[in-house]
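First the structure, in the form of structure tokens, and then the observations on it.
The values are calculated or read from the model by the stated rules, or taken from the named source; none is laboratory data. No experiment lies behind these values; they were computed from the predicted model shown. Don't worry about glycine lacking a Cβ; one is built from the backbone with ideal geometry, like all the others, and counts go over all protein chains shown. The accessibility values were calculated without ligands, DNA or RNA, using every heavy atom of the protein model including side chains. Shrake-Rupley method; radii C 1.70, N 1.55, O 1.52, S 1.80 Å.
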Amino acid sequence: MSMFVGHGASVRVEACGKTFADGTRALERATLDIARAETLVLLGPSGCGKTTMLRIIAGLEAPDTGGRVLFDGIDMTSVPIERRNVGMVFQSYALFPNMSVADNIGYGLKIRGVGRTERAGRVAELVALTNIGGLESRRVDQLSGGQRQRVALARAVAIRPGILLLDEPLTALDAALRDRLRGELNRLLRALGITTIYVTHDQSEAMELGDRIVVMQRGTIAQIGTPRDIYFTPKNRFVAEFIGAANIIESPVVDNHLMLPGGRLAIVGDANSAVAVAMIRPETIRIVEAGSGSLTGTIDSVSFIGDRQRIVVAGASDKPLTVDAPNTIRARSGDRIGLSISPDAVRLLPPGN
Ligand code: ADP
Ligand code: MG
């Protein structure tokens, strides 16, 4: 693996916006710094500008005037894609279907004039790294989806790119395979030390793979942070609801308490406005006996999810509250229960969206 390690370049996207010829504003001006060997995930719903951002970094799309892309501090804005030393993997495999696995992986090396012996050595190393030993001479159209994505990944890193760009590479695979490949990919990216920019609309993928996550919303950056930052301290309601499950509460405030139908709920800090918007994660709420805890409510439904149960409680807040409870507690719909919620689990959000 040694010969592939440590080629990561830093990336700066500076004031890059994108307006397409038909007038569509895909990206508002944004600046973003990505450290060497970092894995940065661009996360957001379909149409929010993730692919556009990636294509600008790759050199497949030019930013609007004034925008610049720098690798290791060097302005690459007018450098064409084939001279940017980037590797790319897409949702659809974009492999050569009638070539063998080995020829696909070695293709970029061949057109760069790397000799046969060195090529064979590097291909062998990548075959081992991506777990596709034994398939070298198969044609790509005789492979499964997961095998094809491994080949695509091996081909992308074969040229020892400074930057690896992945656009929803696992989206086309079924759930079980996606989970497994996600784990493999994570280990591979960490081992390679290539700077990686990974596009996905899947928040659990973003959490597992990202050193940092950029949450995008309609062409703008809603928040940048570590998975923990984004999960525990979302900046606004959009981020809170996009990442994981979130109870959003709108409530009058009196003396630092939310005044809810099922009781008074203490919050940390000053909510100066008369009405607050707050977020509570389902796993931070504890079900206790009716009468204890800060809120009282009635269990509306219980879903057993295996490792936990998801309980919906009515009458406690302005709308039903979702609670994730251990799978060992007894809970039935109709039960009167109390809810214990620590003040620091109640995260105040700016009003509106
Ligand atoms: P994402 O990858 O997050 O789904 P995209 O970056 O592909 O989003 O697209 C962002 C917006 O730009 C969308 O509204 C999309 O329809 C639009 N768009 C993308 N490519 C073009 C294009 N070549 N011409 C016009 N509009 C485009
Ligand atoms: Mg896209």
Could you state how much accessible area VAL11 has, in square angstrom rounded to the nearest 10, with a 1.4 Å probe and all protein chains kept in place?
0
Going by accessible area, probe 1.4 Å, with all protein chains left in place, what is the ranking of THR195, THR322, largest first?
THR322, THR195
For the stretch 246-337, which trypsin sites (Lys or Arg not before Pro) pass both filters: DSSP loop (anything but H, G, I, E, B) and at most 15 other C-beta atoms within 10 Å?
ARG330, ARG332
In whole Å, how far is the Cα centre of the stretch 184-254 from that of the stretch 298-353?
23
Estimated D of the stretch 144-229 in µm² per second, where Rh is the Kirkwood radius over Cα pairs and Stokes-Einstein applies at 4 °C, 1.567 mPa s
94
Let me test this: with uniform point scatterers at the alpha carbons of the chain, what is the Debye-based log₁₀ I(q)/I(0) at q = 0.07, 0.09 1/Å?
-0.40, -0.62
Accessible carbon and sulfur surface of the stretch 313-352 relative to its total accessible area, %, 1.4 Å:
52
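Run the numbers for ARG83 and THR226: contour at 0.36 nm per residue of separation, minus the present Cα-Cα distance, in nm.
That pair, ARG83 and THR226, stretches by 48.4 nm at full extension.
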Report, to the nearest whole %, how much of the accessible area of the stretch 46-182 belongs to carbon and sulfur atoms, 1.4 Å probe, protein only.
49
If contacts are Cα pairs under 8 angstrom and at least 6 residues apart, what is the relative contact order of the stretch 69-181 in percent?
40
222 nm mean residue ellipticity, helices alone, for the chain (DSSP H n ≥ 4; -39,500 (n - 2.57); rounded to 500)
-7000 deg cm²/dmol
Please calculate how many Å² of accessible area the chain carries per residue, with a 1.4 Å probe and no DNA, RNA or ligand atoms counted.
45
Could I have the simple spin-label model distance between ALA128 and ARG310, label points 7 Å from Cα toward Cβ, reported in nm to one decimal?
4.4
Could you give the length gained on full extension between GLU28 and ASP174, defined as 0.36 nm per residue of separation minus the Cα-Cα distance, in nm?
49.2 nm
